[in-house]
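Before any comments, here is the structure.
The values are calculated or read from the model by the stated rules, or taken from the named source; none is laboratory data. A quick note: this is a predicted structure, and the numbers were derived from the prediction, not measured. No Cβ is skipped: glycine too gets one built from the backbone with ideal geometry, and neighbour counts run over all protein chains shown. Note: accessible area is taken over every heavy atom of the protein model, side chains too, but ligands, DNA and RNA are not part of it. Shrake-Rupley method; radii C 1.70, N 1.55, O 1.52, S 1.80 Å.
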Amino acid sequence: MIIYYNSRCRKCREALSLLQDEGCEVEIRNYLKEIPTLAELQQLVKLLGCKAEQLIRKEEEVFLPFHDKKLSELQALKLMVKHPLLIQRPIVISGNRAVIGRPPALVLNLLLKSSKQK
C-alpha cells in the first residue's frame, strides 16, 4: 500500500496508524517533498474514480484566486503539481484501487475489498 502523507495532518496520522494496526506494509509518500507528477495525479484520479477538481483542498489560501473559476481537468491537475498542498489527504493506494481517507476509517475499505477478492 502507498499513502500520500503529510505528517502535520491528523487525518494522515490516523489513517497510517489504522493501516499499521492491521499489519499492512505501507510505503509513506510525503507528497509535499516528493511532489506527484502530472501523470501520477492523472493515475490517482483514475484510481479514485473522481474528477481532478475533487482532489483539490479548496479551503487552502493558495486556492483563493481560483475559487470562482471552473477549472478544466488539466488546469486542476497542473495546479496541484504547482501547489501540492492543495492535494486532498490522505490518499491510500492498494493495487488498482485508491481511497481518500476522510474520514480515516475509509482506508480500511481497501483492506475489506482486498480480502474479499482472495
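Does at least one position in region 87-100 carry a residue that is part of a helix (DSSP H, G or I) and either crowded, with 20+ Cβ neighbours inside 10 Å or at pLDDT 95 or above (or both)? I'd like the intermediate steps shown before the answer.
In the first step, residues of region 87-100 are kept if they are part of a helix (DSSP H, G or I); the result is none.
So far as region 87-100 goes, no, none of its residues is part of a helix (DSSP H, G or I) and either crowded, with 20+ Cβ neighbours inside 10 Å or at pLDDT 95 or above (or both).
Just one of (1) open to solvent by 80 Å² or more (accessible area, probe 1.4 Å); (2) part of a helix (DSSP H, G or I) fails for L47. It is (1).
Checking the conditions here, which among A76, A39 is assigned to a helix (DSSP H, G or I), modelled with pLDDT of 95 or more and in contact with a Lys or Arg (Cβ under 9 Å, 6 or more places away or on another chain)? Spell out how you get there, then give the answer.
Details: A39 fails: in contact with a Lys or Arg (Cβ under 9 Å, 6 or more places away or on another chain).
Exactly one residue qualifies, and that residue is A76.
Taking R29, is it in contact (Cβ under 8 Å) with a residue 24 or more places away in the chain, touching a Lys or Arg at 6+ places or on another chain (Cβ under 8 Å) and surrounded by 11 or more Cβ atoms within 10 Å (Cβ to Cβ)? So R29 fails the test.
For region 53-73, name all the residues that are in a helix (DSSP H, G or I) and open to solvent by 100 Å² or more (accessible area, probe 1.4 Å).
In the first step, residues of region 53-73 are kept if they are in a helix (DSSP H, G or I); the result is 53-55, 61-66, 73.
Those that are in a helix (DSSP H, G or I) and open to solvent by 100 Å² or more (accessible area, probe 1.4 Å): Q54, E61, L64.
Looking across E60, E27, one residue alone is in contact with a helix residue (DSSP H, G or I) (Cβ under 6 Å, 6 or more places away or on another chain) and either of a type in the set (D, E, K, R) or modelled with pLDDT under 95 (or both). It is E60.
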